C-alpha cells in the first residue's frame, strides 16, 4: 500500500490518488500521547486513547511507500505530524534489540518503507534543515525505513512536490 500522510490538505485530482491512501491529519481529531504505555501493556498493539489516530497508525504500519508532508517548526515536524508520529508507538513492541550497534524497539509487523518527506516552510535556515535531516535520519532507524529522501520546499510548491512524488510512484521509481 502507498500512503500520503499530510499535515495540510493536498490538492490533487482523484485520478492522481488512484490506489493511494491519503490522510489529511489536519482534519482529524488526534489527542497527544499521554505516555501511559498502555499500547504495550494493557492493549498490546492498540492505543488506549480512542480517537482518529487509531485508524491512521495501522495504515502507517502497512504502507510500503509513504509520503510525509509536514511544515518544519524549529527543525522538527510541526505539531499535527509530530503528534501522529508519537501516537504511532503501538506499531512497536516494548522489547528492545541491538540493531546496528544501537538499541531499538522491535517492530510489530511493520512493512519496510520507502519514505519521502516533503518538508516545507518559508525561509528555512541551514540550521533548521540540518536539524530536520538529522531527526529524519534517527527516525528512519525506528520507523523501518529501507530508504528515504527529504525534499525541502516552500508552502507554495507543496502540491507540486506531492504530485512529482506520486508520479515517481506510478513509474515505480520510489
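The values are calculated or read from the model by the stated rules, or taken from the named source; none is laboratory data. Only a predicted model underlies this, so the values are computations on that prediction, with no experimental measurement involved. All Cβ positions, even for glycine, are placed from backbone atoms using ideal geometry, and neighbour counts span all protein chains on display.
Output the residues belonging to the stretch 24-44 that are surrounded by fewer than 18 Cβ atoms within 10 Å (Cβ to Cβ) and under 18 Å from the mean Cα position of the chain (by Cα). Within the stretch 24-44, 24, 26, 27, 28, 29, 31, 32 meet the criteria. Given (1) in contact with a strand residue (DSSP E or B) (Cβ under 9 Å, 6 or more places away or on another chain); (2) surrounded by fewer than 16 Cβ atoms within 10 Å (Cβ to Cβ); (3) more than 28 Å from residue 157 (Cα to Cα), identify the lone condition not met by residue 91. Answer for residue 91: the failing condition is (2).
Among the strands (runs of 3 or more DSSP E) confined to the stretch 25-128, the ones with at least 3 residues that are closer than 20 Å to residue 140 by Cβ and in contact (Cβ under 8 Å) with a residue 40 or more places away in the chain are located at 65-73, 92-99, 113-120.
Condition check ((1) touching a helix residue (DSSP H, G or I) at 6+ places or on another chain (Cβ under 9 Å); (2) surrounded by fewer than 17 Cβ atoms within 10 Å (Cβ to Cβ); (3) at pLDDT 95 or above; (4) farther than 30 Å from residue 123 by Cβ) across all residues:
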{"residue": "11", "(1), (2), (3), (4)": "yes, yes, no, no"}
{"residue": "17", "(1), (2), (3), (4)": "yes, yes, no, yes"}
{"residue": "70", "(1), (2), (3), (4)": "yes, no, yes, no"}
{"residue": "74", "(1), (2), (3), (4)": "yes, yes, no, no"}
{"residue": "102", "(1), (2), (3), (4)": "yes, yes, no, yes"}
{"residue": "107", "(1), (2), (3), (4)": "yes, yes, no, yes"}
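Of everything listed in (1) more than 16 Å from residue 145 (Cβ to Cβ); (2) buried (at least 20 other Cβ atoms within 10 Å of the Cβ); (3) in contact with a strand residue (DSSP E or B) (Cβ under 7 Å, 6 or more places away or on another chain), the single unmet condition for residue 53 is (3).
Could you please give the count of residues in the stretch 13-50 that are within 30 Å of residue 160 (Cβ to Cβ) and touching a strand residue (DSSP E or B) at 6+ places or on another chain (Cβ under 8 Å)? Of the residues in that region, 9 qualify.
Which residues, taken from the stretch 14-24, are in a helix (DSSP H, G or I) and under 25 Å from residue 146 (Cβ atoms)? Break it down into steps so the answer makes sense when it comes.
Quick first cut of the stretch 14-24, residues in a helix (DSSP H, G or I) only: 14-17.
Correct list: 16, 17.
Scanning the stretch 129-143 for residues that are outside any helix (DSSP H, G or I) and surrounded by fewer than 16 Cβ atoms within 10 Å (Cβ to Cβ) yields nothing. Right, residue 156: over 23 Å from residue 13 (Cα atoms), at pLDDT 95 or above, outside any loop (DSSP other than H, G, I, E, B) and over 13 Å from the mean Cα position of the chain (by Cα) or not? In short, no.
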